[in-house]
Amino acid sequence: MNRLDGCLLVCLFPLLYCCPFANTLESNKLFNVQQQLIRSNPSSIASSAMDHHSKPFSGIKKDIHGRLQCYKQDWVGALCSGARILAPTAYIFFASALPVIAFGEQLNSFTDGTLSSVETLTSTAICGIIHAIFGGQPLLILGVAEPTVIMYNYLYGFAKGRSELGKELFLAWAGWVCFWTAIMLCVLSILNACTLITRFTRVAGELFGMLISVLFMQEAVRGVISEFRVPKGENNKSEGNQFHWLYMNGLLAVIFSFGVLITSMKSRGARSWRYGTGWLRSFIADYGVPLMVLVWTAISYAKPSQLPSQVPRRLFCPLPWEAGSLSHWTVIKDMVKVPGVHVLTAMVPAMMIAALYFFDHSVAAQMAQQKEFNLKNPSAYHYDVFLLGLMTLMCGLIGVPPSNGVLPQSPMHTRSLSVLKRQMMRKKMVECAKEGIKLEASNSEIFGRMHAVFVEMEPHPNRLVDKELENLKEVVMNGDDGDATGKFDPERHIEAYLPVRVNEQRVTNLLQSILVGFAVFAIPAIRMIPTSVLWGYFAYMSIDSLPGNQFWERLLLFFIPAGRRFKVLESVHASYVESVPFKYITMFTVFQVVYFLICYGITWIPTGGILFPLPFFLLIPIREHFLPKLFPHEHLQELDASEYEEYIGRPVQSMSLSRKEGSGEDHMENDFKIDSAEILDELTTRRGELKLRSSFNDRQFDEVTTRRGKLRQRSSFNDRFRVNADKAMTPRGELKLRSSFNDRLLHLGMSEMN
């Protein structure tokens with residue numbers, strides 16, 4: 001290493017130590033092994049990962065080589081999907097474009113009109129197209145995010161307060177900030193800093209995801225409250241800004257925002273509706289969210305003619321062909337006018353932005369390819385960060401805010417392309433296969449056992465199941481996968497051939513980025529959208545990102561009384577619910593709540609808010625040295641696991657939820673507390689009438705006899721209700737009379753009373 005490399009490494013040591021994600025992995029299998037090893041010794045794994053990529057550019061080269069192997073399939077796989085690929089495209093386009101428009105509105109207010117939605121849409125479209133074509137992980141969605149808006153707010157405040165910079169040279173100085181940020185990001189990727197992914201665990205991703213979700217909800221609440229106030233820079237005496245019209249605008253904003261939120265959430269579950277035909281329910285489920293935005297926008301025009309044009313309030317975006325928007329493309333000419341001292345001072349915010357982008361981009365990439373998605377193609381963290389540096393430099397030179405990987409759009413994109421597969425499926429199939437091997441069953445019997453487990457956990461038509469398990473069946477029946485042993489290995493082959501439900505391709509990302517580019521020229525139509533519809537969509541994105549976040553699920557667990565926690569076990573639940581005592585679940589969740597409040601509180605500091613990425617970097621030593629002293633190893637492994645494993649609900653007791661540690665059988669009678677009113681609700685209808693329920697044997701008796709007591713001589717509608725006449729009759733030809741369990745209890749009780 002020469003002297004220049006040594007100086008760069010010393011300057012960027014804090015980022016190298018704390019940079020979050022990513023190790024370039026040849027396959028998900030290697031990723032799974034490393035995630036298991038990190039729990040036992042995170043430091044050794046991180047050091048070995050650094051040794052694995054000891055030469056500069058080695059990580060980038062390996063990423064490029066790995067992605068080139070599947071680059072053709074990234075395009076062919078989408079073409080095979082046909083028109084069905086348009087549903088996730090429309091879904092992620094609205095999820096990407098609407099927040100970017102809102103962030104442009106914020107920048108327009110923060111920068112006194114210097115930046116607007118035109119610049120944010122332009123940056124998102126250009127960077128998205130580049131990443132969709134040349135990027136490593138095509139499932140990663142790029143865009144101008146809330147942290148970038150916060151950073152640019154601080155940059156504008158600094159430039160505006162300096163006479164040698166001012167508003168005129170703000171974009172030029174921001175260009176120098178982007179220049180230094182790009183250099184730092186490229187150096188980090190060249191020096192293989194992304195191998196430190198193993199030093200971050202699930203707790204960091206959950207905290208950052210929760211922070212982004214809360215910021216989205218905060219922006220939605222702020223937006224609705226602002227509808228009751230006069231907009232910044234407008235005349236207080238205008239007709240639309242009178243008190244009664246402001247109050248009317250606020251009430252309409254509440255109606256529209258809640259309307260978008262509720263209808264969007266309902267439409268996502270349209271496939272389970274009992275009304276409508278199958279294609280209609282599928283159409284609403286696929287396109288319901290963007291459709292609700294259009295529907296509520298149309299409803300906003302159904303207003304009395306007496307209302308002012310400002311009610312309801314709509315988006316304000318400058319047109320892209322106006323002089324103010326066209327001037328940004330030549331900002332590179334003004335960069336030479338920035339004083340030399342401020343060219344150097346730009347390195348200070350550049351270090352924070354580089355740390356933020358490194359963390360945000362890597363977290364978004366990791367959450368877009370979580371283990372539960374079971375992706376087949378390798379990751380490309382090193383190369384993606386290098387490409388991010390180049391795109392940041394390009395954005396700075398044309399005077400637009402940079403784009404990076406965003407949350408929650410990235411995991412939403414993957415989720416829209418997939419049906420999540422439980423990790424428990426693989427484990428059960430492996431156990432079933434090993435049991436068959438132990439019993440010396442034939443290959444067809446072993447596959448039949450695994451097929452039954454697959455159908456039980458993921459019921460689908462037999463034709464589809466057979467097609468999805470075709471490759472696995474071939475391996476099991478042949479007992480050969482091309483290796484030397486020629487034997488079926490359940491651990492290796494089931495992991496390799498279990499069907500993957502994610503359509504990994506580049507077309508949806510490319511199409512949605514192109515649509516964002518078209519949105520720049522559709523700003524006259526975008527101006528028709530009420531701002532309140534935007535706030536409702538923000539709230540929807542915040543809530544839609546919460547499922548799968550164990551931090552959120554453990555928070556909800558706190559609101560369940562101890563006597564009612566058995567209800568959790570009766571539904572699908574995470575594995576830690578049964579394996580970890582509730583005391584440790586509480587301690588771990590309280591730690592996350594306190595740490596989240598610290599991170600969230602930093603964003604409210606006027607000047608120090610630029611430091612909000614630092615607490616996430618501190619999670620590395622806290623996770624490695626502090627938490628192992630508070631929690632047993634096996635419990636910490638479950639609570640901070642990289643996998644999201646779920647169990648099927650069943651009516652059993654769990655040590656962690658049903659009983660406290662050390663409690664005996666004498667305390668079990670107090671475990672389940674059911675109120676008498678609840679029992680009454682179970683026995684009565686909504687109208688207050690007593691429910692009349694017959695037992696199974698009573699229904700069977702009614703099926704086989706007529707009103708006169710004679711045996712029915714006709715079959716039932718469904719095979720499930722077909723009666724076996726031989727079992728219903730005695731050997732003498734008489735009808736069998738069977739009582740239910742409750743009837744026998746009643747008979748015993750009457751006997752004791754007599």
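The values are calculated or read from the model by the stated rules, or taken from the named source; none is laboratory data. Values in this document were obtained by computation on a predicted structure and should not be read as measured data. Please note: Cβ atoms are built from the backbone with ideal geometry, for glycine as well, and neighbour counts cover all protein chains shown.
Taking the stated definitions as given, is residue 441 at pLDDT below 75, hydrophobic (A, V, I, L, M, F, W, C), part of a loop (DSSP other than H, G, I, E, B) and not assigned by TED's automatic domain parsing to the domain that holds residue 90?
On the way: at pLDDT below 75: no; hydrophobic (A, V, I, L, M, F, W, C): yes; part of a loop (DSSP other than H, G, I, E, B): yes; not assigned by TED's automatic domain parsing to the domain that holds residue 90: yes.
It is false that residue 441 is at pLDDT below 75, hydrophobic (A, V, I, L, M, F, W, C), part of a loop (DSSP other than H, G, I, E, B) and not assigned by TED's automatic domain parsing to the domain that holds residue 90.
State all residues of segment 407-425 that are at pLDDT 80 or above and part of a helix (DSSP H, G or I); if no residue qualifies, say none. Explain how you work it out, then say what you get.
Applying the first criterion (at pLDDT 80 or above) to segment 407-425 yields 407-417.
Within segment 407-425, 409, 410, 411, 412, 413, 414, 415, 416 qualify.
Residues in segment 270-302 that are under 23 Å from residue 97 (Cα atoms) and either not in a helix (DSSP H, G or I) or not acidic (Asp, Glu) (or both): how many?
So the answer is 18.
For segment 298-343, name all the residues that are under 20 Å from residue 174 (Cα atoms), modelled with pLDDT of 80 or more and of a type in the set (A, V, I, L, M, F, W, C).
331, 332, 335, 336, 338, 341, 343
So residue 131 passes all but one of these: (1) out of contact with any Pro (no Cβ under 6 Å at 6 or more places or on another chain); (2) in contact (Cβ under 8 Å) with a residue 24 or more places away in the chain; (3) within 30 Å of residue 338 (Cα to Cα); (4) not hydroxyl-bearing (Ser, Thr, Tyr). Which condition number does it fail?
Failing condition for residue 131: (3).
If I filter segment 109-121 down to residues being touching a residue at least 60 places away in the same chain (Cβ under 8 Å) and surrounded by fewer than 22 Cβ atoms within 10 Å (Cβ to Cβ), which single residue comes out as farthest from residue 517 (Cα to Cα)?
This residue is 109.
Which one of these is over 29 Å from residue 108 (Cα atoms), among the small types (Gly, Ala, Ser) and touching a residue at least 24 places away in the same chain (Cβ under 8 Å): 272, 267?
267
So how many residues does segment 226-254 have that are without any contact (Cβ under 8 Å) to a residue 24 or more places away in the chain, assigned to a helix (DSSP H, G or I) and of a type in the set (A, V, I, L, M)?
2
Identify all residues within segment 259-293 that are in contact with a Lys or Arg (Cβ under 9 Å, 6 or more places away or on another chain) and of a type in the set (Phe, Trp, Tyr); write none if there are none.
Residues satisfying the conditions are 273, 275.
Go through segment 507-543 and count every residue that is closer than 17 Å to residue 368 by Cα and either surrounded by fewer than 17 Cβ atoms within 10 Å (Cβ to Cβ) or in contact with a Pro (Cβ under 7 Å, 6 or more places away or on another chain) (or both).
Residues flagged as closer than 17 Å to residue 368 by Cα and either surrounded by fewer than 17 Cβ atoms within 10 Å (Cβ to Cβ) or in contact with a Pro (Cβ under 7 Å, 6 or more places away or on another chain) (or both) within segment 507-543 amount to 3.
Does segment 194-244 hold any residues that are among the polar types (S, T, N, Q) and closer than 27 Å to residue 370 by Cα, and which are they?
Residues satisfying the conditions are 195, 198, 201, 213, 218.
Restricting segment 254-306 to residues that are surrounded by 15 or more Cβ atoms within 10 Å (Cβ to Cβ) and among the hydroxyl-bearing types (Ser, Thr, Tyr), which is farthest from residue 222 (Cα to Cα)?
So the residue we want is 282.
Considering only segment 188-202, state which residues are within 15 Å of residue 367 (Cα to Cα) and part of a helix (DSSP H, G or I).
The answer is 197, 198, 202.
State all residues of segment 166-196 that are at positive phi and under 29 Å from the mean Cα position of the chain (by Cα); if no residue qualifies, say none.
Once the filter is applied, which keeps residues that are at positive phi and under 29 Å from the mean Cα position of the chain (by Cα), segment 166-196 yields only 192.
Wholly within segment 499-556, which helices (runs of 4 or more DSSP H) include no fewer than the required count, namely at least 1 residues that are polar (S, T, N, Q) and more than 17 Å from the chain's Cα centre (by Cα)?
507-521, 531-544
Take the residues in segment 583-621 that are surrounded by fewer than 18 Cβ atoms within 10 Å (Cβ to Cβ) and not in a helix (DSSP H, G or I), then tell me which one is modelled with the highest pLDDT.
The selected residue is 618.
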